[in-house]
Amino acid sequence: MSQDPDVIVIGAGPNGLVAACMLARGGLRVLVLEANPTRAGGALGSEEGTLPGYVHDVGAAFFPFARASPAFADLDLEGAGLEWLNMEVESCHPAPDGSVASISRDLERTASELFGPEPRDGDAWRRLASWHRRVERDVLGFLLRPLPTLGPLLRLLPFNLLRLARILSSSGRGLSTRLFRSEAARRVLPGLALHVDVGPDDRFGAGLGYMLGLSASTGGNCVPRGGAQRVTDTLVERLRAHGGEVRLGARVTRVLVDNGGARGVELAGGEQLRAARAVFANTGAPALLLDLVAREHMPGRIVRKMQRFPRGWGAFKVDWALSGPVPWAAEVARRSAVVHAGDSIDDLQRFTDQVRGGALPDNPYLVIGQQSLVDDTRAPAGGHTLWAYSRVPPSLPGGWSAQAEAFADRVDARIEKLAPGFRGLVRARRVVTPPDLQDMNANLVGGDLGGGSNAWHRQLIFRPVFPYFRYRTPVRRLYLCSSYAHPGAGVHGMCGYNAAQIALRDLG
Ligand SMILES: Cc1cc2nc3c(=O)[nH]c(=O)nc-3n(C[C@H](O)[C@H](O)[C@H](O)COP(=O)(O)OP(=O)(O)OC[C@H]3O[C@@H](n4cnc5c(N)ncnc54)[C@H](O)[C@@H]3O)c2cc1C
């Protein structure tokens, strides 16, 4: 870029790139500075991490918001060549006792065949999912757009809003036991909430499981052909088409502030870059407000809040290169994009208690992804990839290196129980611990994949800290656009999209 950029975006995660695209499309000169020296994308990327020809997603792998995200729709990623793939079944929840409940996008099939052994559970699912289809647009409008989202709320009035409020105010266990009778069906929604740090008995904890379960029944858990990196690459292409640039290997160590307003950044190594109009941070909220901005520019209350910022749990990830598809005992799991290992609500609560207590779980809850079943670009002919993560404490008393392989063996054993013969297919395994995730991407502090805790009191106007829930910060012209801001974790680009819209208004 020959002139100073108008806007510098710190970080090329999906939210940073969406913000950059919107700002560049709005006519501003945009430069994105990314610490990673080899690729953009943050937790949205892929690499050959095990054997040549096996493509593994480094973080996000399934995209329930791919088609529902207003940001992605506006940027028309499919128009730029991105291809979303769906499997016949979107989410499968088997247990070693042979019981299983699954979700597909075919509502009738889910209700009549898939949603557990008890026909009344199928009927309850049909009622819930049909209602969700009618209100999804407004519910997403309410949850994803910049707060306060009065328009969608008013459109939901009064009965749909009451029904939604009843769901959101329940615990995962409360909602599930109210709706369903079999354990197989009951474990589905509380299991999905454990993608983040929300346990079955947590107050107001039903919302996340509800959203993930019901979006699996509409858009489904899509997979991008070619790997998660394709989504990032498409965003970068879109940005370049609008004249924006990405510079890799550029770690920002300081936001430069003049008269209470952001005027540029300093990189590791000392180089200073000026931004004529604004600075966007696709970083952690505490990293920005405690470390990148000098303390003298931060109100004491914000410093104290950030010092006590509640983190989510760590994530422990495993990638496998396999010589064939996983031989799940539950046949339906062989056709499912994602398989969840969690035996019962009590098992999920026990897991929650162990992780919260700082212990490695003895029966780790797993989110398991089978991308190569639907995308033949992920592995050489005949081969398959497998991706899984569990939630773990961010740190362990003796450090991770001593325990990582043994814990990965525990993960293998859990899959083997659900799929006898699995271990015999493993050609290579890569273990990724919480510190590995943080080394890859500074936002994943202690392996926290949720942009901080996702408990109810960390959402909406409390995210990342009241009253800065509309992307502005105490420093003028400095915006937070990462998943630490509303609406939080997941690849939907809405933190970046909303922040860019607010900044474009501010900047006139
Ligand atoms: C193991 C794992 C599995 C996941 N699975 C899913 C899933 O299946 N589906 C889903 O929707 N979501 C999933 N997620 C969550 C999802 O990936 C994140 O919510 C999302 O990537 C957040 O996007 P972001 O743009 O806010 O930040 P990030 O993706 O975290 O990117 C931030 C970027 O900023 C850069 N950066 C940070 N600080 C600096 C600095 N000082 N200078 C320069 N650059 C900097 C980082 O290097 C990084 O590239 C998963 C995450 C993980 C880790």
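FYI, it's all coordinate maths here, none of it is from the lab. Since this is a predicted model, take the numbers as computed values, not measurements. Quick reminder, even Gly has a Cβ in these numbers, built from the backbone with ideal geometry, and neighbours come from all protein chains shown.
Using 0.36 nm times the number of residues separating residue 470 and residue 203, minus their current alpha carbon distance, what extension gain do you get?
The span from residue 470 to residue 203 would gain 93.6 nm if fully extended.
Pulled fully out, how much extra length does the chain show between residue 427 and residue 356, if you take 0.36 nm times their separation in residues and subtract their Cα-Cα distance?
So the chain would gain 22.2 nm between residue 427 and residue 356.
If amide hydrogens are placed 1.01 Å from N in the peptide plane, which non-local residues have theirs closer than 5 Å to the one on residue 90?
Residues meeting the amide H criterion: 103, 104, 105, 337.
Over the alpha-carbon set of the chain, divide Rg by the Kirkwood Rh and report the Rg/Rh ratio to two decimals.
Answer for the chain: 0.96.
Report, for the chain, the % of DSSP beta bridges that are antiparallel, rounded to 5.
70 percent
So for each of 412-425, 49-62, 278-291 I average, over its residues, the number of other beta carbons within 10 Å; can you give me the resulting order with the highest mean first? Let's see the in-between values first.
On the way: 412-425: 17.1, 49-62: 21.3, 278-291: 25.6.
Going by the mean number of other Cβ atoms within 10 Å, highest first, we get 278-291, 49-62, 412-425.
Quick one: Karplus J couplings for the stretch 53-62, per residue in order, coefficients 6.51, -1.76, 1.60, θ = phi - 60°, nearest Hz, x for Gly and Pro?
Result, rounded to whole Hz: x, 9, 9, 10, 6, 6, x, 4, 9, 10.
Which of the three applies to the stretch 331-412, rounded, prolate or oblate, going by the alpha-carbon gyration tensor with a ≥ b ≥ c and a/c under 1.5 meaning rounded?
It comes out oblate by the Cα gyration axes.
Counting helices only, and only those DSSP H runs with n ≥ 4, report the 222 nm mean residue ellipticity of the chain as the sum of -39,500 (n - 2.57) divided by its residues, in deg cm²/dmol to the nearest 500.
Here the helix-only value at 222 nm equals -9500 deg cm²/dmol.
If you place +1 on the Cβ of every Lys and Arg, -1 on the Cβ of every Asp and Glu, and leave all else neutral, what size is the dipole of the stretch 2-143 about its Cα centre, to the nearest 20 Debye?
Once rounded to the nearest 20, the dipole reads 400 debye.
Hey, what do the phi angles of the stretch 405-417 turn into as Karplus ³J(HN,Hα) couplings, whole Hz, using 6.51/-1.76/1.60 and θ = phi - 60°, x for Gly and Pro?
5, 5, 5, 5, 5, 5, 5, 4, 5, 5, 5, 4, 5
Add +1 for every Lys or Arg and -1 for every Asp or Glu among the other residues with Cβ under 13 Å from the Cβ of residue 82, and state the total. Don't jump to the answer; show the numbers that get you there.
Working: positive: 67, 225, 230, 238; negative: 76, 78, 83, 233, 237, 375.
So the surrounding residues net to -2.
Please report, to two decimal places, log10 I(q)/I(0) for the stretch 1-92 at q = 0.11, 0.14 Å⁻¹ as given by the Debye formula with identical point scatterers on the Cα atoms and no solvent.
Debye curve over Cα of the stretch 1-92, log10 I(q)/I(0) at q = 0.11, 0.14 Å⁻¹: -0.42, -0.66.
Would you work out if the stretch 66-201 is rounded, prolate or oblate? Take a ≥ b ≥ c from the square roots of the eigenvalues of the alpha-carbon gyration tensor; rounded if a/c is under 1.5, else prolate when a/b is larger than b/c, oblate otherwise. Write down the numbers at each step before the final one.
On the way: a/c = 1.86, a/b = 1.28, b/c = 1.45.
The shape class here is oblate.
For residue 134 and residue 112, FRET efficiency with R0 = 25 Å and r from the beta-carbon atoms, rounded to 0.05?
The value I calculate is 0.80.
Which peptide among 157-164, 170-177, 477-484, 354-361 comes first, and what is the full order, when sorted by highest mean count of other Cβ atoms within 10 Å?
477-484, 170-177, 354-361, 157-164
Using θ = phi - 60° and the Karplus curve 6.51 cos²θ - 1.76 cosθ + 1.60, what whole-Hz ³J(HN,Hα) does each residue of the stretch 296-310 get, with Gly and Pro shown as x?
My calculation for the stretch 296-310 gives 5, 9, 10, x, x, 4, 5, 4, 5, 4, 5, 5, 9, 4, x Hz in order.
Listed highest first by mean packing, meaning other Cβ atoms within 10 Å per residue, what order do 433-439, 271-277 come in?
Ranked by mean Cβ neighbours within 10 Å, highest first: 433-439, 271-277.
Where does the charge balance sit around residue 390 when Lys and Arg score +1, Asp and Glu -1, over other residues with C-beta under 11 Å from its C-beta?
+4
Grab the other residues whose beta carbon is less than 9 angstrom from that of residue 151, score K and R as +1, D and E as -1, and report the net.
+1
Given axes a ≥ b ≥ c from the Cα gyration tensor, I'd like to know whether the stretch 405-508 is rounded (a/c under 1.5), prolate (a/b larger than b/c) or oblate.
prolate
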